[in-house]
Every structure is written in C-alpha cells, then in structure tokens.
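Scroll down for the structure; my scribbles are underneath it.
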Amino acid sequence: MQELLNCEDDVEDVFCQTFQISHTSMGETVTIDLKPMGSEIPVTNKNRGEYVDLYVKFLLVDAIQRQFQAFAKGFHSVCGGRALGLFHSVETQLLVCGRKELDFATLEESVTYEDGYHREHKTIKNFWTVVREMTNEQKKQLLHFITGSARVPLRGWSSLPIVIQKNGADSAQLPTAMTCFNRLLLPDYATVERLRQRLFLAVQFSKGFGLT
C-alpha cells in the first residue's frame, strides 16, 4: 500500500490495478469489488488514496465482521451493561488489558520470597541488580515470563502478588515460572553473571501460555 501511495510514476501503468481485490476464504479464491463496478475502475494517481482507504476498511472491518460480531456478543455477555457505556475505548482497553507502564521499583518492594530466600539474600540482590540493567522491553518479557502478561493490572502491583521461590542449589538449570500463581522458581546461582545468563536465556526463549 505504501509503495502505491509513494509511486511517482503513472500508477495505472505500473500497478495495473482496479478497485477489485482477491483473497482466500476457506481455501477458495474470492473476488471483491471495493466499490460498485470496482472491476471496471482503474486505480490512478488521482484515486489511489480512496483505493487504499477502501482496502484497509475491507481488511480491518468488512472481512472480519462475522468474527467480530461473535466476539462482541461474547464480550458483552461478560462485560456488558450500562456501566460499559461510561467508558471510551482507551479506558475500556485499560480495564481489560491493564497498564503498559512498568514501575519495577514498586514491584521490587511488593515481591515476596519463599524457601529460604529473603530481601537481603545474595541471589535476590543479584536478581534485582540484573533486572535494573534490563531495558523496558526486557522487563516486559520478564513480567510475561512470570505472570503470562506483559502488563500491570489497573490497580497496580498490589493486585498482582509475585513470589520468588528458591528452586535448588546452583546448577545449570534455567529459571522456570508458574504463571497461574505468578511464581518465579529461581535456583540459588553462585554468581550474578551466571544468574544473568540463565535468566536471559529462560526469558528470551520461553514459549507457553500467554494472556496478552
């Protein structure tokens, strides 16, 4: 689409495109007119903006209308009611998905520890040293690794209690997580370098259940 919009030559000659498109549905190729008699209307330098707008509308609205209606019905059956009308789209997204901003300083204060770990334990101090070195994107990946979501609940960390539990002595084992319980299982690594390496490997290459 961007190439079409940026083209400085004769669009009609270069792209040979009309206001008709093709897409695959249930294994079959289906042709759609983006406007009445679209197959007979060439895309030109003058009307290419309209073509792109109609194409985008088809992809994001028309093509998924049936699926979206099913989603909307399910969403309103769970979250519907008069109260929903009090929120605009951004506020609704915040309620459903949580906050994007990550305040890990506050998280550090709210985390609890089990099986021998505590705030002053060497491995825990090393863990937070590594976390403070992370970029914001890496922190999102870590949060997703532990909880299954890269966002903070609307009410903050207080509604997302995270536990760091000792998982054996120093070893080659990677950290693991129980996302349903927001629990990080962290071996008692002997050095900060080993902890950093193992944690980054676990977070970077983890695959599994996710909420966002």
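Each DSSP beta bridge with both residues in the chain is either parallel or antiparallel, and the antiparallel ones are about 60%.
Net charge of the neighbourhood of residue 166, taken over other residues with C-beta under 13 Å away and scored Lys/Arg +1, Asp/Glu -1, is -2.
How much net charge surrounds residue 18 when only other residues with a Cβ under 13 Å from its Cβ are counted (Lys, Arg +1; Asp, Glu -1)? Surrounding charge for residue 18 is -2. With contacts taken as Cα pairs under 8 Å at a separation of at least 6 residues, the chain carries a relative contact order of 15 percent.
Where the convex hull is taken over the Cα atoms of the range 2-65, what is its projected area averaged over directions, in nm²?
4.7
Taking all Cα pairs closer than 8 Å and separated by 6 or more residues, the relative contact order of the range 2-65 comes to 32 percent.
Quick one: compute the contact order of the range 104-205, relative version, from alpha carbon pairs under 8 angstrom and 6+ residues apart, as a percent.
30
Taking a Cβ cut-off of under 12 Å around residue 44, the surrounding Lys, Arg, Asp and Glu residues balance to a net charge of -3, with basic ones at +1 and acidic ones at -1.
Semi-axes of the equivalent ellipsoid of the chain are 50, 23, 16 Å, computed as sqrt(5λ) over the eigenvalues of the C-alpha gyration tensor in descending order.
Using Cβ counts within 10 Å as a stand-in for footprinting exposure, how do 151, 66 rank, fewest first?
Lowest to highest Cβ neighbour count: 66, 151.
Each DSSP beta bridge with both residues in the range 104-205 is either parallel or antiparallel, and the antiparallel ones are about 25%.
Peptides 16-28, 160-172, ordered by how many other C-beta atoms sit within 10 Å of their residues on average, highest first, read 160-172, 16-28. Mean residue ellipticity, 222 nm, helices only, the chain: the sum of -39500 (n - 2.57) across DSSP H runs of n ≥ 4, divided by residue count and rounded to 500, is -13000 deg cm²/dmol.
In the chain, the longest principal axis of the Cα atoms and the axis of helix 65-79 are about 40 degrees apart. Any chance you could give the angle, 0 to 90 degrees and rounded to 10, that helix 192-205 forms with the longest Cα principal axis of the chain? The two axes meet at around 30 degrees. Segment residue 63..residue 95, full-extension length gain: 8.8 nm, with 0.36 nm per residue of separation and the alpha-carbon distance subtracted.
Throughout, read-outs are computed from the coordinates displayed, never taken from laboratory work. Predicted model only: the values in this text are computed from it and were never measured. All Cβ positions, glycine included, derive from the backbone under ideal geometry; neighbour counts span all protein chains shown.
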